[in-house]
Ligand code: NIG
Ligand code: FE
């Protein structure tokens, strides 16, 4: 049995309502806290002064946080990390005034098809290290940059080497070789490609957007995935208003992502559903679009998550602290809401109850900040405030 005790924590975000100093605080913030971890799981959280004597095990390793803040590890529920090449030239062109178009995906498809397993694997592992160093302890990875049967299965297999949360996104765009017959491509996605990816994937996703897939096509693809046992999520309403968000509510997907352009009816339908709305402000930053209105969603009662969408086209960053800073500065979220959305919100968007919060039995994924409060994540944007990262009780960064 191994016991690790983190004590003298200035403020601990547990994300368990009722556990904090203010019983009504959904982030369960405890000041002057300690956490005990036994065999990689949280065994106790509370005020340091209340720590049970039974946990004063002589073999326990005790870490003094010296008044710093601790939060749960970030849960990044939306990334596209298996790819080759980059598109810095497109970013530069956008910053010079050209708009983003979904067609750029095809350039990354060409580079990814040409890359070996080892090249893709090395790149992916580099991103995983980068995420760990920034406090991310759980992440999702999508396929979608090969768009052939064997190639999508290869990307899913490589993604599965680094995470259990693998998403089949064969419906990212219609590849050039099917330009004249999109229905044939959709048949492939719903049939042989889905079958080939199935052993590695937990989720199915579609890019429902002008230039990618229509709502009717998206429905067909999601239903095929659901029929095969995958859980549904959807990219919708990213580049303009469309019917994707309504489709998400109607099919009761687990998460609908982007949602930059929503009308009142979309918000009403999403609020009446159990769908998590995952906002990806790295995209608005990198495509110079207006930020989504998180305040309106939260006030309507929607459960909001924050994720990076790390991908070479629209958001080439894996920084969850940056997402928090943008959400607070640009999207009307309070610091508490943004930290919750980047941890517990991401866990909800991945249907995970073992991560995103710190309470008896959850996986001991914690971030020790080099700051006295979590507010510093937004108050000191761009500053590397992650001092130590534990995943399952192990120090990983
Ligand atoms: O989430 N929206 C679809 N996929 C990515 C963009 C991918 C790309 O441009 O390569 C996104 O923004
Ligand atoms: Fe995406």
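Overview of results
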| quantity | calculated |
| --- | --- |
| Flag if residue 259 is within 14 Å of ligand 1 (Cβ to nearest atom), within 18 Å of the chain's Cα centre (by Cα) and on the phi > 0 side of the Ramachandran plot | yes |
| Matching residues, region 275-322, being surrounded by fewer than 24 Cβ atoms within 10 Å (Cβ to Cβ), at positive phi and touching a residue at least 40 places away in the same chain (Cβ under 8 Å) | 288 |
| Members of region 160-182 found to be surrounded by 18 or more Cβ atoms within 10 Å (Cβ to Cβ) and touching a helix residue (DSSP H, G or I) at 6+ places or on another chain (Cβ under 7 Å), listed by number | 162, 166, 168, 170, 171, 172, 173, 174, 175 |
| Which numbered condition residue 325 fails, given (1) surrounded by fewer than 24 Cβ atoms within 10 Å (Cβ to Cβ); (2) more than 25 Å from residue 232 (Cα to Cα); (3) in the same structural domain as residue 66 (by TED's automatic domain parsing) | (3) |
| Residue satisfying all of: in region 63-81; under 13 Å from residue 4 (Cβ atoms) and surrounded by 14 or more Cβ atoms within 10 Å (Cβ to Cβ); nearest to ligand 2 (Cβ to nearest atom) among these | 70 |
| Test: residue in region 55-66 that is in the same structural domain as residue 123 (by TED's automatic domain parsing), in contact with a strand residue (DSSP E or B) (Cβ under 9 Å, 6 or more places away or on another chain) and under 23 Å from residue 320 (Cα atoms) | no |
| Wholly within region 242-314, helices (runs of 4 or more DSSP H) carrying at least 2 residues that are farther than 26 Å from residue 126 by Cβ and either away from ligand 2 (no atom under 13 Å from the Cβ) or outside the structural domain of residue 127 (by TED's automatic domain parsing) (or both) | 244-251, 264-271, 294-300 |
| Yes/no for residue 160 being within 16 Å of ligand 2 (Cβ to nearest atom) and either free of Cβ contacts under 8 Å to residues at least 60 places away in the same chain or under 30 Å from residue 198 (Cα atoms) (or both) | no |
| Filter result (touching a residue at least 12 places away in the same chain (Cβ under 8 Å), within 22 Å of residue 46 (Cβ to Cβ) and assigned to a loop (DSSP other than H, G, I, E, B)) within region 333-370 | 355, 356, 357, 358, 359, 360, 361, 362, 364, 365 |
| Unique match (being surrounded by 15 or more Cβ atoms within 10 Å (Cβ to Cβ) and more than 16 Å from ligand 1 (Cβ to nearest atom)) among 33, 96, 84 | 33 |
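The values are calculated or read from the model by the stated rules, or taken from the named source; none is laboratory data. A quick note: this is a predicted structure, and the numbers were derived from the prediction, not measured. Ideal geometry is used to build each Cβ from the backbone, glycine not excepted, and the neighbour counts take in all protein chains shown.
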